[in-house]
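Below is one structure, written out as C-alpha cells; comments come after it.
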There are 2 protein chains.
Amino acid sequence: MLRILIDMDDVMADATKQFLDLYERDFGIRYTKEQLHGTKLSAIVPPEHKQKVLMYPHRKGFFKDLPVIENSKEVIEELNKRHEVFIVSAAMEFKHSLYDKFEWLAEHFSFIPWKRRVFCGDKTIAKGDVLIDDHDFNLSLFAGRAIVFTAPHNVHYTEYERLDGWLDAHHFF
Amino acid sequence: MLRILIDMDDVMADATKQFLDLYERDFGIRYTKEQLHGTKLSAIVPPEHKQKVLMYPHRKGFFKDLPVIENSKEVIEELNKRHEVFIVSAAMEFKHSLYDKFEWLAEHFSFIPWKRRVFCGDKTIAKGDVLIDDHDFNLSLFAGRAIVFTAPHNVHYTEYERLDGWLDAHHFF
C-alpha cells in the first residue's frame with residue numbers, strides 16, 4: 001500500500017478549461033488547450049488582458065464550478081481502495097479557494113475522507129510515497145516518486161514519469 | 001534552521017476558553033480550566049449537555065473569535081526569523097473552520113506567509129523537524145521531535161518534551 005498524494009487543479013479539476021471559458025466570456029475570443037502548449041493563458045493573451053486573467057482564481061466560485069477531469073473520479077476511487085490516497089492542493093493563496101475546494105471535493109470526491117484532504121501553500125510539507133501533480137515547482141522538490149499529470153503547460157517536461165490521462169494509471173500502480 | 005510545525009487550537013488559539021465561554025452562556029455554569037485537568041469539557045458536563053458542547057466547533061465563527069494564547073504571537077514571530085515555521089492545523093472536519101482559521105491567521109499571524117500555512121486532517125502527512133501540538137494522536141505519530149504544548153487535557157502526558165507556555169520556548173530552540 002502506497003501513500004499517494006494527488007493535486008487538484010489540472011489533475012482532478014479542469015482549471016484550464018475554466019480560464020478559457022472565463023476569457024471567452026470576457027473578451028469574446030476562444031483560445032484552445034492546444035494553443036497553451038507549454039505555457040498558461042495569462043502568458044499568451046494581449047498584455048492589457050493579462051491582469052484580469054491573473055485575477056480569475058481570486059473570484060469566489062472559480063474553484064467550485066470546475067469540471068471534473070475525465071476518468072479521475074472512477075480511477076481515483078479505485079486507487080483509494082488499494083492505496084492511501086491524500087488530496088494535496090494549494091489553496092492558501094486565494095481566499096475563496098478554501099471553501100470552494102472543500103465544496104468541490106464534497107460534491108465530486110466524497111469517498112475521500114476529510115482526514116485525507118490537505119490544503120496548503122508549499123507542498124514540500126507533504127510526506128508520501130508518490131506525488132501526482134502538474135507543476136515542476138512541486139514535483140522537483142518531492143522526496144518520493146514524482147509523476148507529472150499531463151496538462152497544456154507541462155507538455156515539455158521530460159524529467160518525470162508522465163501520467164497522460166487517468167486511464168493510464170493502471171501502468172503505474 | 002529547523003522546520004517547526006505549530007498547531008493552532010490550544011497552542012496558538014485558546015479554543016478551550018471558547019468552549020468554557022459558550023457553555024457558560026448556554027447553561028449558566030462556569031467551568032474552569034483547572035476542572036478540565038486531563039480531559040475535555042464534553043467529558044465532564046452533564047450527559048444531556050454533551051451533544052451541544054460537541055457541536056460548538058461546527059458553528060460558523062467558533063474558530064474566528066478565539067483569543068490568542070499568551071505570548072504566542074511575539075515568540076512565534078521571533079522563532080520565524082531564525083527557523084522555518086509552518087502552521088499546521090486540522091481544519092477539514094468542521095466546514096466553517098477553514099474560513100475562520102484563514103481569517104484568524106490573517107488577523108493575528110500575518111507574518112506567517114500563505115505558503116507556510118497548512119490545513120489538513122491527518123497530520124501524519126506533515127513533514128518537519130519539530131511538531132508543537134497539544135494532542136497525543138498527532139505527537140505520537142510524528143517522525144521528528146515532538147513537543148507537547150501544555151493544555152488542560154494533556155497535563156498527564158509524560159512521553160514528550162513539554163512546552164509550558166510560549167515564554168519557555170527559548171529553552172528549546
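The table that follows gives values for the structure above.
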| item | result |
| --- | --- |
| Length-normalised contact order for region A:15-58 - Cα pairs under 8 Å, 6+ apart - percent | 33 |
| Fraction of beta bridges assigned by DSSP in chain B that are antiparallel (%, nearest 5) | 5 |
| Likely footprinting exposure, B:ASP133, A:ASP14, fewest C-beta neighbours within 10 Å first | A:ASP14, B:ASP133 |
| Alpha-carbon centroids, region B:57-82 and region A:134-150: separation in whole Å | 32 |
| Mean separation of Cα contacts under 8 Å (6+ apart) over length of chain A, as relative contact order % | 30 |
| Pairs beyond 25 Å (Cα-Cα), from A:LYS101/B:LYS115; A:LYS64/B:LYS81; A:LYS101/B:LYS60; A:LYS52/B:LYS115 | A:LYS64/B:LYS81 |
| About the Cα centre, charge dipole magnitude for region A:107-173 (Lys/Arg +1, Asp/Glu -1 at Cβ), debye | 380 |
| Share, in percent, of DSSP beta bridges within the protein assembly as shown that are antiparallel, nearest 5 | 10 |
| Residue with peak Gaussian network fluctuation, chain A [Cα springs, cutoff 10 Å], from A:SER89, A:SER140, A:SER97 | A:SER140 |
| Shape of region B:15-58, Cα gyration tensor, a/c cut at 1.5 | rounded |
| Net length gained if the chain between A:GLU34 and A:GLU48 were fully extended (0.36 nm per residue, minus Cα distance) | 2.8 nm |
| Across the identical copies, how the B:HIS170 labels are spaced - nm, sorted shortest first, 7 Å along Cα→Cβ | 6.4 |
| Under 17 Å from the A:ALA106 label point (7 Å along Cα→beta-carbon), backbone N, region B:41-58 | B:55-58 |
| Fewest-first ranking of B:THR39, A:THR32, using other Cβ atoms within 10 Å as the exposure measure | A:THR32, B:THR39 |
| Förster-model FRET efficiency, 45 Å R0, B:GLU161 and A:ASN71, C-beta, rounded to 0.05 | 0.40 |
| Geometric extent, Cα atoms of the protein assembly as shown - Rg, Dmax (angstrom) | 21.8, 66 |
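Every read-out reported here was derived from the displayed coordinates using simple, explicitly stated rules and does not represent laboratory data. If you're wondering where the values come from, they're calculated on a predicted model, not measured in any experiment. Please note: Cβ atoms are built from the backbone with ideal geometry, for glycine as well, and neighbour counts cover all protein chains shown.
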